[in-house]
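Reviewing the structure listed below.
The values are calculated or read from the model by the stated rules, or taken from the named source; none is laboratory data. What you see is a predicted model, and the numbers here were worked out from it, not measured in a lab. As a convention, Cβ positions derive from the backbone with ideal geometry for all residues, glycine included, and neighbour counts pool all protein chains shown.
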Amino acid sequence: MSSLRRAGRYLGSLLANLYFWVGLAGLALLAFGAYLLFNDVLMPQYTRYGVAVTVPEVTSVPVEQAQGRLEERELRVETLRRSFNPEVERGAVIEQSPKGGRSVKPGRRVYLTVNSGSEQKVSVPRVKGGSVREAKNRLRAAGLAVGTIAEDSLPSKYPETITRQQPAAGDSLRPGAAVDLWYSPGLADTYATVPDVTGMTVEEARQALLDRRIRSVALQSSEGEDANARPAPGGEQTDLSGRTVVRQSREPDTRVRQGFEVRLFVEE
């Protein structure tokens, strides 16, 4: 009972103490101020709850103006890529994401595609001589699509390798355009006689061999001494069509399987 009396007397003196009530009121004011700061300042800044802006429509607008309009709405701008559209002014926006009219939170990033003003082109790589798989990979790496793949009607010495492509290597195409490929079925079972093509131009010699379903490749006299060596796939080749053939890798009247490749050596 004595301990309860002491506690009661202490509580009574505490409640009668002015400093106690002043401290308690101060703590209450601090707690209320913290609540207001968190609820009305920090939370809106963090979540922007209930705040939204409408994305303006900026397609066909010059990119500088488009950027200004978006930033006025507290939106961030990023140029995603540059493309070509003949119907839109150079330097104007072709596409935007999100689209105009969408409601988003302030600070949202808007991606713009801008008209470059000139049509982008891709140079077709040379895939002749490589495998079908290698040709597909090289075309895709260049930004082109693989078109039809068909067996070549003219046999070739190297099975399952590319013998023709259309468009030709070096041509310029739009990104994503298709390149058609033909591959070798291997040498034919039928034979042909190699004609004498020395003294002809490379172009004439090639046609004379093709008439007998024999393939050819033109080289400088110092190149390709090994007639059985395989040409490097995809390698660049100098145009020797107007040069004169001084030597051929197979003697005239030699019998070879159709599709065999005769090397034509030209004057230096």
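Could you tell me which residue of region 53-112 is nearest to the chain's Cα centre (by Cα), considering only residues that are among the hydroxyl-bearing types (Ser, Thr, Tyr) and in a strand (DSSP E or B)? Filtering region 53-112 for residues that are among the hydroxyl-bearing types (Ser, Thr, Tyr) and in a strand (DSSP E or B), the one nearest to the chain's Cα centre (by Cα) comes out as 83.
Considering region 187-211 alone, what residues qualify as being of a type in the set (Val, Ile, Thr), assigned to a loop (DSSP other than H, G, I, E, B) and closer than 26 Å to residue 242 by Cβ? Result: 194, 197, 198. When restricted to residues that are without any contact (Cβ under 8 Å) to a residue 40 or more places away in the chain, at negative phi, in contact with a strand residue (DSSP E or B) (Cβ under 8 Å, 6 or more places away or on another chain) and not in a strand (DSSP E or B), region 154-184 contains 0. Report yes if residue 144 is more than 26 Å from residue 247 (Cβ to Cβ) and surrounded by 14 or more Cβ atoms within 10 Å (Cβ to Cβ), otherwise no. Spelling it out, residue 144 is indeed more than 26 Å from residue 247 (Cβ to Cβ) and surrounded by 14 or more Cβ atoms within 10 Å (Cβ to Cβ).
Only one residue in 195, 167, 175, 155 is surrounded by 14 or more Cβ atoms within 10 Å (Cβ to Cβ), outside the structural domain of residue 239 (by TED's automatic domain parsing) and closer than 14 Å to residue 214 by Cβ, so which one is that? Just a single option satisfies the conditions, and that option is 155. Report yes if residue 81 is modelled with pLDDT under 70 and within 28 Å of residue 120 (Cβ to Cβ), otherwise no. Here the answer is yes, as residue 81 does meet what is asked.
Look at region 80-93: where a residue is assigned by TED's automatic domain parsing to the domain that holds residue 63 and a partner is at pLDDT below 70 and exposed (fewer than 15 other Cβ atoms within 10 Å of the Cβ), sitting 6+ places away or on another chain with Cβ atoms under 9 Å, you get 84/118; 84/119; 86/119; 90/118. For region 104-126, the condition holds for at least one residue, the condition being that it is touching a residue at least 60 places away in the same chain (Cβ under 8 Å) and on the phi < 0 side of the Ramachandran plot. For region 113-140, the candidate set comprises residues that are hydroxyl-bearing (Ser, Thr, Tyr) and assigned to a loop (DSSP other than H, G, I, E, B); within that set, the residue that is surrounded by the most Cβ atoms within 10 Å (Cβ to Cβ) is 116.
For region 141-153, give me each residue that is within 19 Å of the chain's Cα centre (by Cα), small (Gly, Ala, Ser) and not in a loop (DSSP other than H, G, I, E, B). Correct list: 141, 145, 147. For the residues 251, 225, 204, the requirement of being farther than 20 Å from residue 156 by Cβ and either at pLDDT below 90 or of a type in the set (Gly, Ala, Ser) (or both) singles out 225.
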